[in-house]
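Comments concern the structure below.
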Amino acid sequence: MTQPGVFDPAQGRPTIDSVAGARSDLAPGPSVDIANGAPTGTDATDRIVLSYVSGTLTQPHVYFTESADHGATWSAPRAIETAGDRGYYAAPAISPNGTDVYVVYNAFTTPYHPNTSSPNMLVGVVKHADVGGSGTGAFSELHRGVSGDARGSSANALSAEFLGDYVYAAATRTYGAAVWNDARNAADCPAIDAWRESLITGGTVARPAPQQDCPANFGNSDIYGGTYADPTP
């Protein structure tokens, strides 16, 4: 796995969206699920599915791999993100009987930029694939959320964006459930943008007071989620 991102002086951690962006050092971490036949185990296939983010700053990919022999061997990792998506967080789920796989991920749809003056557009995506005799098939989009500008999110210190590792999935025999970071309701604050950039450039911009200097919904990032029926029951 290759950690995507570049070192960000505003927070001392890597980012993939912009300077003073959302830290990405936790984002690539792998997430797994297993077809364990819950609740009785009688129809378990024990297939393990795994997703993670890896790649360059230009194109962080959402990768998927799986094992049908209890982890002894794994399929070649394949990128499953929709074209134009720059992967950020990802998590898979497989139905207890091993017939359906769901993957949820966050992605930026804008390129990295070394300033805070351009939007950092974030989206949440849920994908599905059927499992056949040769393994998990091609993924298709079940849901694509409303995009939002991640500059409207904030860490407690205000000096950078914050998007937590709140991206997870679960599956039953008939549907998948997923949650993701969402910035559709978060408003950008130009005063915060200017101050964040000044922390890196050595400027003298005064620290803003969000309640006085920003829109009311600055910092209003959310966790969105949904349930999605198996499209090929």
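The values are calculated or read from the model by the stated rules, or taken from the named source; none is laboratory data. Because the structure is a prediction, the values reported are computed rather than measured. Here the Cβ is made from the backbone with ideal geometry for all residues, glycine too, and neighbour counts use every protein chain on show. Ligands, DNA and RNA are stripped out before the accessible areas are found, and what is left, the full protein with its side chains, is counted by its heavy atoms. Shrake-Rupley method; radii C 1.70, N 1.55, O 1.52, S 1.80 Å.
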| task | Check 160, 138 and return the single one that is farther than 26 Å from residue 50 by Cβ, at pLDDT 95 or above, assigned to a loop (DSSP other than H, G, I, E, B) and of a type outside the set (Val, Ile, Thr). | result | 160
| task | Please give the number of the condition residue 93 fails out of (1) under 19 Å from the mean Cα position of the chain (by Cα); (2) closer than 18 Å to residue 4 by Cβ. | result | (2)
| Got a number for residues in the stretch 80-119 being buried (at least 16 other Cβ atoms within 10 Å of the Cβ) and not in a loop (DSSP other than H, G, I, E, B)? | 18
| request: Among the residues of the stretch 162-189, count how many are over 15 Å from the mean Cα position of the chain (by Cα) and under 21 Å from residue 18 (Cβ atoms). | output: 5
| query | Would you pick out the residues in the stretch 181-226 that are under 30 Å from residue 170 (Cα atoms) and surrounded by 15 or more Cβ atoms within 10 Å (Cβ to Cβ)? | reply | 181, 182, 183, 184, 186, 219, 220, 221, 222, 224, 225, 226
| task | Go through (1) closer than 27 Å to residue 64 by Cα; (2) buried (at least 16 other Cβ atoms within 10 Å of the Cβ); (3) small (Gly, Ala, Ser) and name the single condition residue 164 misses. | result | (2)
| Residues of the stretch 2-45 satisfying the condition of being surrounded by fewer than 24 Cβ atoms within 10 Å (Cβ to Cβ) and touching a helix residue (DSSP H, G or I) at 6+ places or on another chain (Cβ under 6 Å) | 9, 10, 19
| Which residues, taken from the stretch 163-201, are more than 27 Å from residue 131 (Cβ to Cβ) and outside any helix (DSSP H, G or I)? | 163, 164, 181, 182, 183, 184, 185, 186, 187, 188, 189
| message | Is it the case, given these coordinates, that residue 147 is open to solvent by 30 Å² or more (accessible area, probe 1.4 Å) and under 13 Å from the mean Cα position of the chain (by Cα)? | response | yes
| field | When residues of the stretch 120-139 are limited to those that are open to solvent by 10 Å² or more (accessible area, probe 1.4 Å) and under 17 Å from the mean Cα position of the chain (by Cα), the one farthest from residue 6 (Cα to Cα) | value | 139
| Only one residue in 160, 90, 138 is farther than 22 Å from residue 27 by Cα and among the aliphatic types (A, V, I, L, M), so which one is that? | 138
| request: Write out, first by first residue and then by second, each pair whose Cβ atoms fall under 8 Å of each other, whose residues are 6+ apart or on separate chains, and whose first residue, in the stretch 126-145, is over 19 Å from residue 98 (Cβ atoms) while the second is outside any strand (DSSP E or B). | output: 141/82; 144/82; 145/184
| query | For the stretch 15-25, does any single residue satisfy the condition of being touching a residue at least 60 places away in the same chain (Cβ under 8 Å), out of contact with any Pro (no Cβ under 8 Å at 6 or more places or on another chain) and more than 15 Å from residue 115 (Cα to Cα)? | reply | no
| query | How do the pairs read when you match residues in the stretch 27-43 that are among the β-branched types (Val, Ile, Thr) with residues anywhere that are outside any loop (DSSP other than H, G, I, E, B) and at pLDDT 95 or above, using Cβ under 8 Å and keeping only pairs 6 or more apart or on different chains? | reply | 32/48; 32/49; 32/50; 32/92; 34/48; 34/49; 34/94
